[in-house]
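Peer 1: Below you will find the structure I want to go over with you.
The values are calculated or read from the model by the stated rules, or taken from the named source; none is laboratory data. Keep in mind it's a predicted model, so treat the numbers as computed, not measured. Backbone-built Cβ (ideal geometry, glycine too); neighbour counts: all protein chains shown.
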Protein chains: 2
Amino acid sequence: MAIHKKEEFTHKEQDLANFAKAMSHPARIAILKVLAQRNECICGEIVELLPLAQSTVSQHLKELKTAGLITGTIDGPRSCYCINWKAFEKFNGELNFLFNALKVKNEKACC
Amino acid sequence: MAIHKKEEFTHKEQDLANFAKAMSHPARIAILKVLAQRNECICGEIVELLPLAQSTVSQHLKELKTAGLITGTIDGPRSCYCINWKAFEKFNGELNFLFNALKVKNEKACC
DNA sequence: TAGTCTTATCGTATATTTGCGATATAAGAT
DNA sequence: ATCTTATATCGCAAATATACGATAAGACTA
């Protein structure tokens, strides 16, 4: 592959791609779903709900946290995670900016 | 890794993850952007606009097509691509279903 | 037919992701 | 102090993704 070319795209393009990448695995979608459904924050309950080892779940949580889609705080001997709604709104907004704004005039697309 | 565990998640979770994965690279975001901006469908003009080799762009186009985010038809000696707005709407709808419906009652999240 | 232009696919090198067990770390309990 | 419990991190193996050059395939042109 020689060199990663990702840096040669715009900041906004990389941003959107990073958000999407954080959601590009069903395990991470499942984690976000659990966090969205519970009012109190979750820790290792997620491990119980997923068909994955504890270390693997921890890794997925770290990726979501690094991407900014969730927040995590230490609560005594356990860890507490929540969805970062603001980040999700930003993602959704950028998506809509990319597509919806241009949609009307493209109705007559050729294929 | 032994075995991919992706199959052990729900169909919906896999669906959303696949959509996200298709958008998880800045080159593919850039391609979608170009397609969204042009009324007539694009072919190798995309190659001119991206800092990537022709074969690499072709590969990215194939991934977007496989994921259903774009459509492609052969037009004489060249290929014509367009955004599949329906697929995008579905993706956006699933995202909103996952998050927005549950957002209000979670305002008092703990972290 | 031969030549050209456009796009897709193959082969390959390298990078990244995914997953797990083992181990570390940190807090609470005995 | 030791044991338990919960979570993070390390190290490794296997799978995927990314990128490119070379080549194939298809359609128009001379």
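Peer 1: Please go through the range B:35-64 and pick out each residue that is buried (at least 16 other Cβ atoms within 10 Å of the Cβ) and either assigned to a helix (DSSP H, G or I) or near DNA strand D (Cβ under 8 Å from one of its atoms) (or both).
Peer 2: Those that are buried (at least 16 other Cβ atoms within 10 Å of the Cβ) and either assigned to a helix (DSSP H, G or I) or near DNA strand D (Cβ under 8 Å from one of its atoms) (or both): B:35, B:36, B:46, B:47, B:52, B:57, B:60, B:61, B:63, B:64.
Peer 1: Going through the range A:33-58 one residue at a time, which ones are out of contact with any Leu (no Cβ under 7 Å at 6 or more places or on another chain) and within 12 Å of chain B (Cβ to nearest Cβ)? Step through it out loud before you land on a result.
Peer 2: Filtering the range A:33-58 for residues out of contact with any Leu (no Cβ under 7 Å at 6 or more places or on another chain) gives A:35, A:38-41, A:43-56, A:58.
Answer for the range A:33-58, where residues must be out of contact with any Leu (no Cβ under 7 Å at 6 or more places or on another chain) and within 12 Å of chain B (Cβ to nearest Cβ): A:35, A:38, A:39, A:40, A:41, A:43, A:49, A:50, A:51, A:52, A:53, A:56.
Peer 1: Where residues in the range B:66-79 are more than 10 Å from chain A (Cβ to nearest Cβ) and more than 8 Å from DNA strand C (Cβ to nearest atom), which of them is surrounded by the fewest Cβ atoms within 10 Å (Cβ to Cβ)?
Peer 2: B:76
Peer 1: So which pairs qualify, if the first residue must be in the range B:1-25 and within 8 Å of another protein chain (Cβ to nearest Cβ), the second must be modelled with pLDDT under 95 and within 12 Å of DNA strand C (Cβ to nearest atom), the Cβ gap must be under 7 Å, and the two must be at least 6 apart or on different chains?
Peer 2: Final answer for the pair search is B:14/B:6.
Peer 1: In the range B:1-34, what count of residues is obtained for those that are within 19 Å of the chain's Cα centre (by Cα) and part of a helix (DSSP H, G or I)?
Peer 2: Within the range B:1-34, residues that are within 19 Å of the chain's Cα centre (by Cα) and part of a helix (DSSP H, G or I) number 22.
Peer 1: Residue check: is residue A:90 closer than 29 Å to residue B:93 by Cβ, within 13 Å of DNA strand C (Cβ to nearest atom) and basic (Lys, Arg)?
Peer 2: Numbers: closer than 29 Å to residue B:93 by Cβ: yes; within 13 Å of DNA strand C (Cβ to nearest atom): no; basic (Lys, Arg): yes.
Against the criterion (closer than 29 Å to residue B:93 by Cβ, within 13 Å of DNA strand C (Cβ to nearest atom) and basic (Lys, Arg)), residue A:90 does not qualify.
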